[in-house]
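In what follows, a structure is listed as structure tokens, so that the remarks can point back to it.
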Amino acid sequence: MNRIDPKLAATLRQPRDLIEAGLAPASALADLEKVAARYAVAVTPELAALIDVADPDDPIARQFVPSAEELVEQPGETADPIGDDAHSPVSGIVHRYPDRVLFKLVHVCAVYCRFCFRREMVGPGKATALSDDAYRAALDYIRKHQEIWEVILTGGDPLMLSPRRLSEIMADLAGIDHVKIIRIHTRVPIADPERINADMIAALRCDGATTWIAVHANHPRELTANARAACARLTGAGIPLVSQSVLLRGVNDDAATLTALMRAFVECRIKPYYLHHGDLAPGTAHLRTTIEAGQELMRALRGRVSGLCQPDYVLDIPGGHGKAPIGPTYLSQSASREREDSAERRYRIVDYCGDVHVYPPET
């Protein structure tokens, strides 16, 4: 595998940086500058070192190196594909489900994914963080709504905050009596694992609420020795981890890659949680699969891979209607039942080999 210098010191942020590093051809400069003018670009040294520059279809590059295909928008794509704005009562808060809210603290990331559903809202030139007034208003909203049991810190990436500031935020939230869970969505353990140090871990732990972290990775190569060590530091400190992944064409849309990814998560004490169908973000059609392809992949995992390795395949319904599980259906009502009462109903169940069974069994 031909990789760029693993000792690369700085995050690559400009098209010329990518070209000089061998991650894009010089002939692509004009198109890449058009993409970078609209969508943020950042590839950390940790991730850049994983890219095989000799492979034009490298799955790591496909996630992080911009492409002219991002300039092509398809019908139905929108700047707010999952409808955050429709459920934002105050700045920084999204209250879509009764018992939990998203708290969008920052709009910067260690690395910018080319498929990001918030790509119109993050990166240089955008508001980098909530103002002090907006932050206080968001906390007041959480305090007033006692049904909120869980606060999900997102953005951007919350772990881009300093440990000092993050510690203050965690204490503010844990001080609200009805908030019992603080969940943090992040790519930092993968993109910049050295950032998960003793100060950061101390900031993540707080009295009065339980911290959970959702780690985002999409390909098994992302779980490097450094990333695994960062995750081990978190779990070793008693912080439970779950995974988030996006199903991406040319990245993880085959059973072998998806199996390896989910097993890698479990090996790192990360419980597979969500496998997201790609959102209708502008310029991302080249990375989306079909739902049918995703369902076939979930069938391939079922029964052949440990139950610990099974994520929920979900679709965020456009317009702000929330997530729906869209995995394959194994159960259907049998047309042969003779009576309507539930005691006599029978169902057809398809096992992981594709064989059909009747339940309860016919006597």
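Summary table
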{"read-out": "Verdict on LEU258 being open to solvent by less than 20 Å² (accessible area, probe 1.4 Å), in a helix (DSSP H, G or I) and of a type in the set (A, V, I, L, M)", "value": "yes"}
{"read-out": "Test: residue in region 169-177 that is of a type outside the set (Lys, Arg), open to solvent by less than 50 Å² (accessible area, probe 1.4 Å) and either within 22 Å of CYS116 (Cβ to Cβ) or not in a helix (DSSP H, G or I) (or both)", "value": "yes"}
{"read-out": "ALA137 out of contact with any Phe, Trp or Tyr (no Cβ under 7 Å at 6 or more places or on another chain) and at pLDDT 95 or above", "value": "yes"}
{"read-out": "Residues of region 230-245 classified as open to solvent by 20 Å² or more (accessible area, probe 1.4 Å) and part of a strand (DSSP E or B), total", "value": "1"}
{"read-out": "Condition check for ASP55: open to solvent by 30 Å² or more (accessible area, probe 1.4 Å), outside any helix (DSSP H, G or I) and charged (D, E, K, R)", "value": "yes"}
{"read-out": "Subset of region 58-87 [of a type outside the set (D, E, K, R), buried (at least 19 other Cβ atoms within 10 Å of the Cβ) and either in a loop (DSSP other than H, G, I, E, B) or touching a residue at least 60 places away in the same chain (Cβ under 8 Å) (or both)]", "value": "PRO59, ILE60, GLN63, VAL65, PRO66, PRO81, ILE82"}
{"read-out": "Region 282-299 residues that are within 13 Å of ASP254 (Cα to Cα), paired with ones that are assigned to a helix (DSSP H, G or I) and among the small types (Gly, Ala, Ser) (beta carbon under 8 Å, 6 or more apart)", "value": "LEU297/ALA255"}
{"read-out": "Any strands (runs of 3 or more DSSP E) falling wholly within region 92-158 and containing at least 2 residues that are open to solvent by less than 30 Å² (accessible area, probe 1.4 Å) and in contact with a Lys or Arg (Cβ under 7 Å, 6 or more places away or on another chain)", "value": "150-154"}
{"read-out": "Those residues of region 159-168 which are assigned to a helix (DSSP H, G or I) and in contact (Cβ under 8 Å) with a residue 24 or more places away in the chain, in sequence order", "value": "LEU159, MET160, PRO163, ARG164, LEU166, SER167"}
{"read-out": "Any hit, region 37-55, residues being among the hydroxyl-bearing types (Ser, Thr, Tyr), in contact with a Ser or Thr (Cβ under 9 Å, 6 or more places away or on another chain) and at pLDDT 95 or above", "value": "yes"}
{"read-out": "Checking ARG299 against (1) more than 20 Å from ILE184 (Cα to Cα); (2) touching a strand residue (DSSP E or B) at 6+ places or on another chain (Cβ under 6 Å), the condition it does not meet", "value": "(2)"}
{"read-out": "Subset of region 33-52 (residues that are open to solvent by less than 20 Å² (accessible area, probe 1.4 Å), within 21 Å of the chain's Cα centre (by Cα) and of a type outside the set (Gly, Ala, Ser))", "value": "TYR39, VAL41, VAL43, THR44, LEU47, LEU50, ILE51"}
{"read-out": "Those residues of region 184-205 which are free of Cβ contacts under 8 Å to residues at least 40 places away in the same chain and open to solvent by less than 30 Å² (accessible area, probe 1.4 Å), in sequence order", "value": "ILE184, THR186, ILE196, ILE201, LEU204"}
{"read-out": "Selection from region 172-206 of residues that are hydrophobic (A, V, I, L, M, F, W, C) and touching a strand residue (DSSP E or B) at 6+ places or on another chain (Cβ under 6 Å)", "value": "LEU173, VAL179, ILE181, ILE182, ILE184, LEU204"}
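Conditions (1) open to solvent by 60 Å² or more (accessible area, probe 1.4 Å); (2) at pLDDT 90 or above, marked per residue:
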{"position": "GLY303", "(1), (2)": "no, no"}
{"position": "VAL314", "(1), (2)": "no, yes"}
{"position": "SER332", "(1), (2)": "no, no"}
{"position": "GLU344", "(1), (2)": "yes, no"}
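Yes or no, residue by residue, for (1) modelled with pLDDT under 95; (2) open to solvent by 60 Å² or more (accessible area, probe 1.4 Å); (3) part of a loop (DSSP other than H, G, I, E, B):
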position: VAL266; (1), (2), (3): no, no, no
position: TYR273; (1), (2), (3): no, yes, no
position: HIS286; (1), (2), (3): no, no, no
position: PRO318; (1), (2), (3): yes, yes, yes
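The values are calculated or read from the model by the stated rules, or taken from the named source; none is laboratory data. No experiment lies behind these values; they were computed from the predicted model shown. Heads up, the Cβs are rebuilt from the backbone with ideal geometry, glycines too, and the neighbour counts pull from every protein chain shown. The area values use the complete protein model at the heavy-atom level, side chains included, leaving out ligands, DNA and RNA. Shrake-Rupley method; radii C 1.70, N 1.55, O 1.52, S 1.80 Å.
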